Amino acid sequence: MMLDFALPACCCHGSPLVHGMTPQQTPLPPPAKRLVLFVADGLRADSLYELNSNSTPPAPYLRSILENNGSWGISHTRVPTESRPGHVALIAGFYEDVSAVAKGWKENPVEFDSVFNESKYTWSWGSPDILPMFAKGATGDHVYTFCYTAESEDFGAQDAAELDMWVFDHVKSFFNSSRSNQTLFSALNEEKVVLFLHLLGIDTNGHAHRPNSREYKENIKKVDEGIKEIALMIDNFYGNDGKTTFILTSDHGMTDWGTHGAGHPSETLTPLIVWGAGVNYPQRVSSQKFEDNLLKEWKLENLKRLDVSQADVAPLMASLIGVPFPLNSVGTLPLEYLNNSAHFKAESMFTNAVQIVEQFKVKMSQKRETTLSFLFTPFKPLSDSEQINYLKKARLYIQQQKYDEAVFSFFYRSTLTLGLLVFAGWPVITQLWAQAKTNASIWTLLCVLLAIFPLMPVVGREPNIPLVIATGLLTLLISCFSLASLCKTKNKYRNKEDLKVYFYQMLSIALSTYVVSSTHDSLKNKQGLPLLNQIISWMTLVSSSVLPLLSSTFLIQRLFSILLSLMSTYLLLSTGYEALFPLVLSGLMFVWINMEQEALQRYGLSLKPKLAVFNFTYATDITQFRQLHLDDVRRSFFFVFFIVTAFFGTGNIASVNSFDPASVYCFLTVFSPFMMGSLLLLKVVIPFVLVSCAFEAIQVTTQLSSKSLLLLVLVISDIMALHFFFLVKDYGSWLDIGTSISHYVLVMSLTIFMMLMNGLAQLLTTQRLQLSRGTKHHST
């Protein structure tokens, strides 16, 4: 939930943010006149704190600060661990506003207060994706932004650290220009000034090269050097007046495989180093109690670690420069970071408490107005009289200098593996083994191979380009054998035009394999995405939807043509083991078609014609349809299970963390969320198409109406949806709630989605484009 006091229903009806509160500000003079906030986007806590293999710190300046000058700890983020919600938590003090989904998580659709808004002046430098959202909601004209272009955020750029160098250079130029600009110079010397440096290079290098890469680590070192230069320059500019506070933190971390968005510790543990005016010096201790073993790993056992929640940084900044706490903040002031009197700390905590109570009062008032009086029950521990009582006691304790008495008032993917292993034994259970030993053996082998994929990591596959290339070569080899087999068949089932189509598709596979290898070599050498490779990739994507329609509509030939076309695109979108997934899945689908024909013959429902004679265009002949049989329920269940396997086999699109930008590097490297998201969606859909086309083939070979089988599938889907409906949660973390809702929505969407897939499969299997001027025909 966004606010501790918000009800679950708020997530459905609008933003949980409330308005109308009275600003609350600590009445005592603040220790600092200005605050400098460095946010190193995508910086993990361990990447900053852990020593290198040669026992040297990755960031020497910041290490010396936490050892000699300031306080440090871990800032614990919440999911989703993305840049926008992370910055909102740091600067505005509240967590993810679910209504922001309406804006694609790019900005908050509801205006909110922030430390920047409450400041006298704020100057910020960095990414156009982050800075404008804090200037947009600010009252008046006092929040200024300086951004580089969106095109600069290129994952294939020579060195993403240049983004951070741009920020440091422009900050230096800004201060230099103020010496000849009296208006700017006067503004910089005001109180309640904030300088915000958003450093995106580390995050970009993490996505492009992974956090353990040389580029990521060198970027950290460059940021460390840049922070040192900026801190020294600012101290000199203000004559070392001791009125500047510095904060270094991050919006989120990053997994070992270069993604973020979920709740892995590598994503939620971010560094926090605070030094300067009003901040405690390092506190030496003999021992510390933490559940993790990080202090020992980081060689920081003797320096007191002060952990905070990410939203706590906002009240900390507000307290240090003496501005009102952000109105929607739910953060708790971390007192141990403050180097000030007990009186100041008590007043600050009192202000913090009143500010949060103000939100509760507004929220309760809104709830009372929108609820029938006999249904509304106020929260007794925080009734109006109790609130007044608490605040009076706290104020009395502060006046009596009793400061301590005043602030103390769809779930497991491995299930698919189990299911596939059960499927592997299906021929034995049904005695199909004795009837078709070869097909049954291949079925069992491919089921076992496919069962391996759900055991692999959901996301974060380590890049394995040689495996992608090997998959491309394997596909070519299979194509050659299939083409040779096709050439041996009678003229009745093929012609020269068909052979040309297969040749073009094999050429497309070869080009895709080359582009994958060439592109990643080029990016590895920091030479960017070659234009020729980009053109080939987009042409392959377009042609993959057309080439299958030029091939013969005979069952085996058309299915194989669809596989070759989709594989050429899938290879371009692959970075590791997932490249093998559609190939193994398709192999199993081909055997499934054969096995279903064997099963049909076993029950005496049909003769056993060769699969080669089946033609998709004849599937609409209603006179050949038969009645439903009990075994058709099993066929429908197989289809639903294979659809779910296609969805979860290599990941889960429901998780924002599943997206690895490296998957789209053959198409583009400049950050474009909607284009990248579209390509990701295509990658997810390809296995669905393969399964749907195979199911269409089974309807043809088993002589059953597609409507009959589809209705059985929809019944099974509705039963699953009902089950997941009762598992939806309206309590717990945003991740828990979101996961339960996404499971239900996915199953509900499965009905519509499978109907769409059925239509697409019919289009891909039954239609044929004729390029020649001869007489149109469908069977060859």
Exercise for review: Only residues in segment 496-516 that are farther than 21 Å from residue 535 by Cα count as the first member; pair them with residues that are of a type in the set (Val, Ile, Thr) and surrounded by fewer than 19 Cβ atoms within 10 Å (Cβ to Cβ), Cβ under 9 angstrom, at least 6 apart or cross-chain, and list the lot.
Suggested key: 497/780; 498/780
Exercise for review: Confirm whether residue 634 is open to solvent by 20 Å² or more (accessible area, probe 1.4 Å), charged (D, E, K, R) and modelled with pLDDT of 75 or more.
Suggested key: yes
Exercise for review: State all residues of segment 224-243 that are part of a helix (DSSP H, G or I) and either basic (Lys, Arg) or open to solvent by 80 Å² or more (accessible area, probe 1.4 Å) (or both); if no residue qualifies, say none.
Suggested key: 225, 228, 229, 232, 236
Exercise for review: All but one of (1) open to solvent by less than 10 Å² (accessible area, probe 1.4 Å); (2) part of a helix (DSSP H, G or I); (3) of a type in the set (D, E, K, R) hold for residue 221, so report the exception by its number.
Suggested key: (1)
**Study point:** Tabulated pairs, segment 754-765, first in a helix (DSSP H, G or I), second open to solvent by less than 10 Å² (accessible area, probe 1.4 Å) and of a type in the set (Ser, Thr, Tyr), C-beta under 8 angstrom, 6+ apart or interchain
**Key:** 754/692; 754/717; 757/692; 758/692; 760/692; 761/692; 765/553
**Study point:** Out of 228, 222, 289, sole residue that is under 25 Å from residue 129 (Cβ atoms), charged (D, E, K, R) and out of contact with any Lys or Arg (no Cβ under 8 Å at 6 or more places or on another chain)
**Key:** 222
Check your understanding: Which members of segment 537-549 meet the condition of being assigned to a loop (DSSP other than H, G, I, E, B) and surrounded by fewer than 23 Cβ atoms within 10 Å (Cβ to Cβ)?
Key -> 545, 546
Check your understanding: Residues that are at pLDDT 90 or above and under 34 Å from the mean Cα position of the chain (by Cα): which helices (runs of 4 or more DSSP H) entirely in segment 420-525 hold 3 or more of them?
Key -> 437-450, 465-488, 496-524
Review point. Any residue at all in segment 363-382 that is open to solvent by 20 Å² or more (accessible area, probe 1.4 Å), aliphatic (A, V, I, L, M) and within 15 Å of residue 318 (Cβ to Cβ)?
Key: no
Check your understanding: When you go through (1) in a loop (DSSP other than H, G, I, E, B); (2) farther than 16 Å from residue 30 by Cα; (3) out of contact with any Phe, Trp or Tyr (no Cβ under 9 Å at 6 or more places or on another chain) one by one for residue 324, which number turns out not to apply?
Key -> (2)
Point to revise | Residue check, residue 63 under 24 Å from the mean Cα position of the chain (by Cα) and either of a type outside the set (Gly, Ala, Ser) or modelled with pLDDT of 95 or more (or both) | key: no
Review point. Which residues, taken from segment 44-76, are under 17 Å from residue 294 (Cβ atoms), open to solvent by 40 Å² or more (accessible area, probe 1.4 Å) and not in a loop (DSSP other than H, G, I, E, B)?
Key: 46, 67, 76
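For every residue, the table says whether it meets (1) buried (at least 24 other Cβ atoms within 10 Å of the Cβ); (2) under 29 Å from the mean Cα position of the chain (by Cα); (3) not charged (D, E, K, R).
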site	(1), (2), (3)
270	yes, yes, yes
283	no, no, yes
287	no, no, yes
291	no, yes, no
307	no, yes, no
313	yes, yes, yes
330	yes, yes, yes
335	no, no, yes
338	no, no, yes
Exercise for review: Check 234, 220, 202 and return the single one that is more than 24 Å from the chain's Cα centre (by Cα) and at pLDDT 95 or above.
Suggested key: 234
Exercise for review: Quick one: which residue in 552, 565 is assigned to a helix (DSSP H, G or I) and either out of contact with any Pro (no Cβ under 9 Å at 6 or more places or on another chain) or at negative phi (or both)?
Suggested key: 565
Review point. Scanning for something over 23 Å from residue 246 (Cβ atoms) and modelled with pLDDT of 90 or more, does segment 85-100 turn up at least one residue?
Key: no
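Conditions tested, residue by residue: (1) at pLDDT below 85; (2) touching a helix residue (DSSP H, G or I) at 6+ places or on another chain (Cβ under 7 Å); (3) among the aromatic types (Phe, Trp, Tyr).
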site	(1), (2), (3)
344	no, no, yes
348	no, yes, no
352	no, yes, no
357	yes, yes, no
362	yes, no, no
368	yes, no, no
371	yes, no, no
Exercise for review: Specify which of the listed residues (412, 403) is open to solvent by 60 Å² or more (accessible area, probe 1.4 Å), at pLDDT below 75 and not acidic (Asp, Glu).
Suggested key: 412
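Evaluate the following for residue 79: is it of a type in the set (Val, Ile, Thr), touching a Gly at 6+ places or on another chain (Cβ under 9 Å) and either open to solvent by 20 Å² or more (accessible area, probe 1.4 Å) or modelled with pLDDT of 95 or more (or both)?
yes
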Review point. Do we have residue 133 as part of a helix (DSSP H, G or I), open to solvent by less than 70 Å² (accessible area, probe 1.4 Å) and over 19 Å from residue 88 (Cα atoms) here?
Key: no
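The values are calculated or read from the model by the stated rules, or taken from the named source; none is laboratory data. Being a predicted model, the structure only gives us computed values, none of them experimental. With ideal geometry, Cβ positions are generated from the backbone for all residues, glycine too; neighbour counts draw on all protein chains shown. Please note that ligands, DNA and RNA were not included when accessible areas were found on the heavy atoms of the full protein model with its side chains. Shrake-Rupley method; radii C 1.70, N 1.55, O 1.52, S 1.80 Å.
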